[in-house]
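The values are calculated or read from the model by the stated rules, or taken from the named source; none is laboratory data. It should be emphasised that the depicted structure is a prediction, and the values quoted were computed from it without experimental measurement. Counting neighbours? That spans all protein chains shown, and the Cβs are built from the backbone with ideal geometry, glycine included. Keep in mind that these areas ignore ligands, DNA and RNA; they rest on the heavy atoms of the full protein, side chains included. Shrake-Rupley method; radii C 1.70, N 1.55, O 1.52, S 1.80 Å.
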Amino acid sequence: MTTMEKTANVPAPRDDDHQGPLLEVRDLHVEFHTREGVAKAVNGVNYTVDAGETLAVLGESGSGKSVTAQAIMGILDMPPGRIPQGEILFRGKDMLAMPEEERRKIRGRKVAMIFQDALSSLNPVLTVGYQLGEMFRVHLGMSKKDARLKSIELMDRVRIPAAKERVDDYPHQFSGGMRQRIMIAMALALEPDLIIADEPTTALDVTVQAQVMDLLAELQREYNMGLILITHDLGVVADVADKIAVMYAGRIVETAPVHELYSRPSHPYTRGLLDSIPRLDQKGQELYAIKGLPPNLTRIPPGCAFNPRCPKAEDICRTDIPLLHPVTERDGTDLPGRGSACHFWKETIHG
Ligand SMILES: Nc1ncnc2c1ncn2[C@@H]1O[C@H](COP(=O)(O)OP(=O)(O)OP(=O)(O)O)[C@@H](O)[C@H]1O
Ligand SMILES: [Mg+2]
């Protein structure tokens, strides 16, 4: 085949013909200038999310999960926040480097966010129909009547019973689970490519949590969206995530496909998190808790940030920062999608 023939078959490149991942976060750093000093909340985070893929971001409180998401959404408090380094590539284009106008189009339309607390995200004095409809009126220029119909359709989609009758109700008239469905509907309204859900079910009862999570996963598949699910509860996301990134003190310490993370963690921190999850088959047994507390982010210990709490720590862990590197089988075979930031990952994973 000649070059001419080859190029003739290839359509002109468009914005969305980008080949790589939908979202790629590269070496992201975020710091906050506080009275206590500079709090290093995010310290070189890398992750990718493809269309149709669910990434769960797991970690204790304060590990930088939300701050990373806020940087992606462009809703970081700046100041005191600052992004001294890093790239956030959406379809291959760095959102941190693009003109404000272009960035706003992506963040308003292509990336949506769902927060934990629906009640404080919704306006209490406006009906849910009005608030949903606003998305269509403001962003898509729809008439009031069409926007209302679309809102009812969307409420149906997120399985709010009797949507037609309930469209004129106020947020407080809905249960917590139903309100969270309304938040999902809002996020879906403009058919984004990526949804970031920050602890979307934390405020709900356990049974309702599962229903909302299943719904989110189902819609994500149907719309072929990328989904970032932020949680400190692995149990909640295990069934719906494709892969997991475990964060500690602003770094990703382990990445793995979900089932592999469960069966063979490579980082002592991940192992500690797993051992602290209640399991049905071990009823009555005392739960393990990782000893100590996460570090003060203005004074992250040298070496591996987890070393003061780590049962396996040795001298090197107190001096050298372990970088996230590929994890292999004992015989050196690659384990795709797996990475570990532990000097002793071999011992942890292969026992
Ligand atoms: N506006 C701010 N000013 C100062 N520090 C902040 C600000 N926002 C976040 N931080 C700090 O950044 C660190 C990471 O916070 P982040 O909210 O990302 O944690 P998280 O992993 O989402 O925890 P959680 O599970 O509690 O939601 C925390 O120590 C937090 O105090
Ligand atoms: Mg958070």
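At a glance:
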read-out: Candidate set: segment 63-81, residues that are within 24 Å of residue 201 (Cβ to Cβ) and more than 8 Å from ligand 1 (Cβ to nearest atom); chosen: the one most open to solvent (accessible area, probe 1.4 Å); value: 75
read-out: Some residue of segment 230-250 being of a type in the set (Gly, Ala, Ser), more than 16 Å from ligand 2 (Cβ to nearest atom) and farther than 28 Å from residue 335 by Cα; value: no
read-out: Segment 56-75 residues that are modelled with pLDDT of 95 or more and assigned to a loop (DSSP other than H, G, I, E, B), paired with ones that are open to solvent by less than 30 Å² (accessible area, probe 1.4 Å) and away from ligand 2 (no atom under 13 Å from the Cβ) (beta carbon under 7 Å, 6 or more apart); value: 63/248; 63/249
read-out: Extreme residue, nearest to residue 112 (Cα to Cα), among residues of segment 33-50 that are surrounded by fewer than 18 Cβ atoms within 10 Å (Cβ to Cβ) and near ligand 1 (Cβ under 9 Å from one of its atoms); value: 33
read-out: Residue match in segment 84-104 (condition: part of a strand (DSSP E or B), within 16 Å of ligand 1 (Cβ to nearest atom) and at positive phi); value: yes
read-out: Search result, residues across segment 129-138 that are more than 18 Å from residue 165 (Cβ to Cβ) and open to solvent by 80 Å² or more (accessible area, probe 1.4 Å); value: 138
read-out: Residue satisfying all of: in segment 330-351; at pLDDT 95 or above and more than 25 Å from the chain's Cα centre (by Cα); nearest to residue 30 (Cα to Cα) among these; value: 343
read-out: Qualifying residues in segment 108-123 (those that are surrounded by fewer than 17 Cβ atoms within 10 Å (Cβ to Cβ) and closer than 22 Å to residue 205 by Cα) - the one farthest from ligand 2 (Cβ to nearest atom); value: 119
read-out: Positions within segment 330-351 being open to solvent by less than 60 Å² (accessible area, probe 1.4 Å), within 17 Å of residue 261 (Cβ to Cβ) and assigned to a loop (DSSP other than H, G, I, E, B), in sequence order; value: 341, 342
read-out: Only listed residue being away from ligand 1 (no atom under 13 Å from the Cβ), within 18 Å of residue 199 (Cα to Cα) and not hydroxyl-bearing (Ser, Thr, Tyr), chosen from 24, 60, 53; value: 53
read-out: Contacts under 6 angstrom Cβ, first residue in segment 78-107 being touching a residue at least 24 places away in the same chain (Cβ under 8 Å) and farther than 24 Å from residue 227 by Cα, partner in a loop (DSSP other than H, G, I, E, B) and polar (S, T, N, Q), 6 or more apart; value: none
